[in-house]
There are 2 protein chains.
Amino acid sequence: MKLLVTNDDGPFSPGLRILADAAKSIGEVVIVVPETPKSATGLGLTLHKPVRVNKLTLEGEQLYLVSGTPSDVIYIAMNVVAGRPDMVLSGVNIGDNLSIQVMLTSGTLGAVLQAAIEGIPGIAFSAAVDEPSELEEPEYKRFVYNAVKAVLQAVAAHGFPEGVDVLNVNFPPVLTDQVVIAAPARNRFSPSVVKRKDPQGRPYYWLYGLPVEAEKGTDVHVVLEEGKIAITPITLSSLIEVKNHRVAKLVEEVAKRLGSPRGG
Amino acid sequence: MKLLVTNDDGPFSPGLRILADAAKSIGEVVIVVPETPKSATGLGLTLHKPVRVNKLTLEGEQLYLVSGTPSDVIYIAMNVVAGRPDMVLSGVNIGDNLSIQVMLTSGTLGAVLQAAIEGIPGIAFSAAVDEPSELEEPEYKRFVYNAVKAVLQAVAAHGFPEGVDVLNVNFPPVLTDQVVIAAPARNRFSPSVVKRKDPQGRPYYWLYGLPVEAEKGTDVHVVLEEGKIAITPITLSSLIEVKNHRVAKLVEEVAKRLGSPRGG
């Protein structure tokens, strides 16, 4: 099995090495990552300027670096570096990727969702820690490594679940052997902005998020409150529910209002 | 009704003016846009650097310009400029936003999806033309203006369809009075890369997409082959189908493989 390993934290994230090492237990690994951290870039693509590709050998491991986003990585990996992979693995991200809000904005998820659009299954791994150093703490690192390996070996043994495009796996900040399927919360943060002034006295703004309370039964609650590993399946095609009679009614109303386009 | 009007093409797009003018027929309009074009930024947020907000008066219209992405616009509009809007309108984009692939990568959709996460309904409007000048062609411009107005007035009269988060409206390149609900194609473009060399002889890469054939019944076919207006409803919460027995089986397998985390 040909595995593309990527992330949105760049080549020096300890999570990348954990994922690449675990991935070797089930297949051939190619590592292609953004050359600098690209958190919160979602599925953004670099179309308005060219991207560069460089090679880097890091602790004996060959990496390809792309001067772009995690979604760019998918394009470059498929067309320039390694051909179409059988599966894309992204992470292990420093910080959780819980809730629909965070998933759709996340670069870690962006990479696997972009691959999923091309029909390539993917798994995103994230650890609910604040700093790379927490992921490097030996006991926690071993926990994450073993858990990533358990997921990959289960997929290798039983196949990627049919009808699912992406699996989103989040590790709690505490050690556990409990793993559950979790539906995503809609929100994880309330969208906030703080105003500051630069040395010239001109205002600028920082965007950030304030955590919102986790609803029971959601991925946020499972990982952050219950301390369990959460696996959330994502299916792209179910994003759109076209058989909604209220939409049908609305379209009828629009049609009524649309006179002949030449009549104005 | 308080309406936030935005786009991903920036303040000088003729589509912005068409949308703002049509929106005034149903409510109070605040215009907040990225200061430069931000196509294909998806739901990306600017978290690693501050953003600036400037005012611009353009043809008698007051606009707020944000040095960021369409998703940043939602944060800034809600927190800095105008408070929480009742609805977000994005567009009219120069170029279609058809297929799941394009929708999830699009900045036009990024803005309304980011707002939808906050529970604010949104409508994205896009015209399947290549150049701003095509949208300024008087007869086509009138067609788009009337069609946008028809959609907005239908929504104003009958309410935003319950259970739907976003309506994605695409106009064909030809005049029509036909409008249909359309399910999105999965793909619109195959992910392509071309290699070039800079004057120093070093390689660089352009990412682009080659159109894929439109399947009948999809939004791509409806708009580009049949020349009709397509309306596609998007429901975020249905993105995730957790009741998949194959995923349940996989999670069981992972659990089996996860020994005591301390046991290694």
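A:D130 falls short of the stated requirement of being more than 21 Å from A:N187 (Cα to Cα) and surrounded by fewer than 24 Cβ atoms within 10 Å (Cβ to Cβ). Considering the range A:48-67, and only residues there that are surrounded by 18 or more Cβ atoms within 10 Å (Cβ to Cβ) and touching a helix residue (DSSP H, G or I) at 6+ places or on another chain (Cβ under 9 Å), the residue that is nearest to A:P14 (Cα to Cα) turns out to be A:L63. When the range B:30-42 is filtered for residues that are free of Cβ contacts under 8 Å to residues at least 40 places away in the same chain and either crowded, with 22+ Cβ neighbours inside 10 Å or not β-branched (V, I, T) (or both), the ones remaining, listed by number, are B:I31, B:E35, B:P37. Scanning the range A:183-194 for residues that are at the interface with chain B (Cβ under 7 Å from one of its Cβ atoms) and free of Cβ contacts under 8 Å to residues at least 60 places away in the same chain yields A:A183, A:P191, A:S192, A:V193. Restricting attention to the range A:197-213 and to residues that are surrounded by 14 or more Cβ atoms within 10 Å (Cβ to Cβ) and hydrophobic (A, V, I, L, M, F, W, C), the residue that is farthest from the other protein chains (Cβ to nearest Cβ) turns out to be A:V212. Scanning the range B:96-134 for residues that are closer than 18 Å to A:L109 by Cβ, polar (S, T, N, Q) and touching a strand residue (DSSP E or B) at 6+ places or on another chain (Cβ under 9 Å) gives B:Q101, B:S106, B:Q114.
Flag: A:K55 matches the condition of being within 21 Å of B:K197 (Cβ to Cβ) and basic (K, R). Considering only residues of the range B:145-175 that are closer than 18 Å to B:V222 by Cβ and among the polar types (S, T, N, Q), which is farthest from the other protein chains (Cβ to nearest Cβ)? Filtering first and then ranking leaves B:N170. Restricting attention to the range A:49-68, the residues that are in a loop (DSSP other than H, G, I, E, B) and either in contact with a strand residue (DSSP E or B) (Cβ under 6 Å, 6 or more places away or on another chain) or within 7 Å of chain B (Cβ to nearest Cβ) (or both) total 4.
The set of residues from the range A:144-165 being part of a loop (DSSP other than H, G, I, E, B) and among the hydrophobic types (A, V, I, L, M, F, W, C) comprises A:F160, A:V164.
Against the list (1) surrounded by fewer than 21 Cβ atoms within 10 Å (Cβ to Cβ); (2) of a type in the set (A, V, I, L, M); (3) within 30 Å of A:S71 (Cα to Cα), the condition B:V92 fails is (1).
Pairs please, first residue from the range A:240-264 and more than 7 Å from chain B (Cβ to nearest Cβ), second anywhere and surrounded by 16 or more Cβ atoms within 10 Å (Cβ to Cβ) and at pLDDT below 55, Cβ atoms under 8 Å, 6+ apart in sequence or on different chains. As it stands, the answer is none, since no pair meets every condition given.
Taken residue by residue, the range B:214-229 has no member that is modelled with pLDDT under 95 and at the interface with another protein chain (Cβ under 7 Å from one of its Cβ atoms). The requirement of being in a loop (DSSP other than H, G, I, E, B) and closer than 25 Å to A:D72 by Cβ is fulfilled somewhere in the range B:166-185, by at least one residue.
Reported count of residues in the range B:197-229, each being small (G, A, S), in contact (Cβ under 8 Å) with a residue 12 or more places away in the chain and assigned to a loop (DSSP other than H, G, I, E, B), is 3. Number of residues in the range B:172-226 that are touching a Gly at 6+ places or on another chain (Cβ under 9 Å) and under 19 Å from A:L258 (Cβ atoms): the value is 8. Looking at the range A:80-96, is at least one residue in contact with a helix residue (DSSP H, G or I) (Cβ under 9 Å, 6 or more places away or on another chain), at the interface with another protein chain (Cβ under 10 Å from one of its Cβ atoms) and in a strand (DSSP E or B)? Checking the range A:80-96: not a single residue is in contact with a helix residue (DSSP H, G or I) (Cβ under 9 Å, 6 or more places away or on another chain), at the interface with another protein chain (Cβ under 10 Å from one of its Cβ atoms) and in a strand (DSSP E or B).
The residues on offer are A:E131, A:E118, and the sole one that is free of Cβ contacts under 8 Å to residues at least 40 places away in the same chain and over 22 Å from A:K24 (Cβ atoms) is A:E131.
What are the residues in the range B:1-13 that are more than 15 Å from the chain's Cα centre (by Cα) and surrounded by fewer than 18 Cβ atoms within 10 Å (Cβ to Cβ), if any? Listed by number, the residues that qualify are B:M1, B:K2, B:F12.
Restrict the check to the range A:176-196 and report whether at least one residue is basic (K, R) and loosely packed, with under 14 Cβ neighbours inside 10 Å. There is at least one residue in the range A:176-196 that is basic (K, R) and loosely packed, with under 14 Cβ neighbours inside 10 Å.
Listed conditions (1) assigned to a helix (DSSP H, G or I); (2) more than 10 Å from chain B (Cβ to nearest Cβ) are all met by A:I76, apart from (2). Selection of the range A:110-137 for residues being more than 10 Å from chain B (Cβ to nearest Cβ) and assigned to a helix (DSSP H, G or I) yields A:A111, A:V112, A:P132, A:S133, A:E134, A:L135, A:E136.
The values are calculated or read from the model by the stated rules, or taken from the named source; none is laboratory data. Computed from a predicted model, the values in this text were never measured in an experiment. Virtual Cβ from ideal backbone geometry, glycine too; neighbours counted across all protein chains shown.
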